[in-house]
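The next block holds one structure in the form of structure tokens; read it before the comments.
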Amino acid sequence: MYRIRAFGDDRTCSSITELQEALATHYRARSVSVMYHAAPYGLRRCLFVDVLPDGSIRESYGEQRLVDFQELEAEAVAGASSR
């Protein structure tokens with residue numbers, strides 16, 4: 001389960017595909033955070049992202065690389081199974 005936090009315009013997504021679609025369409029040209037549980041102990045994680053006008057999604061801090069949704073899903077699935 002993923003939760004997009006955007007100053008009261010929050011949304012819950014049940015899959016990584018739904019998350020990608022919501023970010024690319026509903027949050028275009030905005031900066032938001034994505035909350036999820038991660039391995040190894042199911043700790044809650046927060047990923048800050050910038051959704052660019054073209055729909056691409058980059059990390060807000062650090063190298064500002066494109067978000068690897070497969071990596072994010074693997075971490076969230078591992079976190080869900082450890083709870």
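Rule-based calculations on the coordinates, nothing more; no lab input. Keep in mind it's a predicted model, so treat the numbers as computed, not measured. Every residue, glycine as well, gets a Cβ built from its backbone with ideal geometry; the counts of neighbours run over all protein chains shown.
At a glance:
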| item | result |
| --- | --- |
| Long-range HN-HN contacts of residue 30 with modeled amide H, under 5 Å | 51 |
| Estimated 222 nm signal from helices in the chain, with DSSP H stretches of n ≥ 4 weighted -39500 (n - 2.57), rounded to 500 | -9000 deg cm²/dmol |
| Percent RCO, i.e. relative contact order, over the chain, from Cα pairs under 8 Å lying at least 6 residues apart | 27 percent |
| Unit charges on C-beta of K, R, D, E only; dipole of the stretch 2-81, Debye | 280 debye |
